[in-house]
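Below is one structure, written out as structure tokens, with a few remarks after it.
The values are calculated or read from the model by the stated rules, or taken from the named source; none is laboratory data. Computed from a prediction, not measured in an experiment: that's the story for all the values here. With ideal geometry, Cβ positions are generated from the backbone for all residues, glycine too; neighbour counts draw on all protein chains shown. We work out accessible area using only protein heavy atoms, side chains counted, and drop any ligands, DNA or RNA first. Shrake-Rupley method; radii C 1.70, N 1.55, O 1.52, S 1.80 Å.
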Amino acid sequence: MIYADAFRVSREEVDEMGIVHYQDRVLSGESWSRGPVILSWRDIEQDTQRGYEGHNVIIHEIAHKLDMLDGSANGIPPLHMAMPVPPWTDAFSTAYAALNHRLEHHHEVCVDPYAATSPAEFFAVFSEYFFCAPDILHAHFRDVYRQLQLYYRQDPLSRIHTDKTADQPVHEAAE
Ligand SMILES: [Zn+2]
């Protein structure tokens, strides 16, 4: 489902303490576990035009969808048969803790701090980087990159390198 612009949602959410919070937020995208993915067209356009590094609302929301295939948005989608779970959880929990640690100590981070919100957002934001800024992810979070490479069954970093060589100007010798 695509809306023309970012959209406002108002709803009540019950936290783990049983306290009901009323939330009023403006969103650029949203995924429901047994429902639609909702996207703002304006944000999709901004991602493609401005192309700010590692950001893509479509990938973000689809990653949430994949994560929720096993029923819960916890940052672990159902993995392929050949993928053992421990390396995934090790890579992701180490990186998640490291990111939160840096933010708590006011250090600069190389990814969108929104990733530190929850394991589910971490997976969604890192999926954005995997496809849109694989060089950043590979340089700073190699173990996570490796797991995402196995999960998405591709290596976006190799595409960047190929593109760069393809972009080299060809000089014809003029005599
Ligand atoms: Zn999200």
Looking across the stretch 94-104 at residues that are under 25 Å from Ser28 (Cα atoms) and more than 16 Å from the ligand (Cβ to nearest atom), the single one that is surrounded by the most Cβ atoms within 10 Å (Cβ to Cβ) is Asn100
Restricted to the stretch 140-160 and to residues being farther than 23 Å from Pro78 by Cα and surrounded by 12 or more Cβ atoms within 10 Å (Cβ to Cβ), the residue modelled with the highest pLDDT is His140
Exactly one of Ala82, Ala91, Ala115 is at pLDDT 95 or above and away from the ligand (no atom under 12 Å from the Cβ), and that one is Ala91
Among residues of the stretch 33-58 being open to solvent by 90 Å² or more (accessible area, probe 1.4 Å) and free of Cβ contacts under 8 Å to residues at least 60 places away in the same chain, the residue nearest to the chain's Cα centre (by Cα) is Tyr52
Asp163 vs (1) at pLDDT 95 or above; (2) open to solvent by 70 Å² or more (accessible area, probe 1.4 Å); (3) of a type in the set (Asp, Glu): all pass except (1)
Of Ala120, Ala139, Ala124, the only residue that is assigned to a helix (DSSP H, G or I) and away from the ligand (no atom under 16 Å from the Cβ) is Ala139
Over the stretch 67-111, the set of residues touching a Ser or Thr at 6+ places or on another chain (Cβ under 8 Å) and among the hydrophobic types (A, V, I, L, M, F, W, C) is Met68, Ala73, Ile76
When the stretch 12-32 is checked residue by residue, the ones that are loosely packed, with under 13 Cβ neighbours inside 10 Å, within 15 Å of the ligand (Cβ to nearest atom) and in contact (Cβ under 8 Å) with a residue 12 or more places away in the chain are Gln23, Arg25, Val26
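Every residue, every condition in (1) surrounded by 14 or more Cβ atoms within 10 Å (Cβ to Cβ); (2) within 18 Å of Gly54 (Cβ to Cβ), yes or no:
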position: Met68; (1), (2): yes, no
position: Ser72; (1), (2): no, no
position: Ala82; (1), (2): no, no
position: Pro86; (1), (2): no, no
position: His106; (1), (2): no, no
position: Ala120; (1), (2): yes, yes
position: Val125; (1), (2): yes, yes
position: Tyr129; (1), (2): yes, yes
position: His138; (1), (2): yes, yes
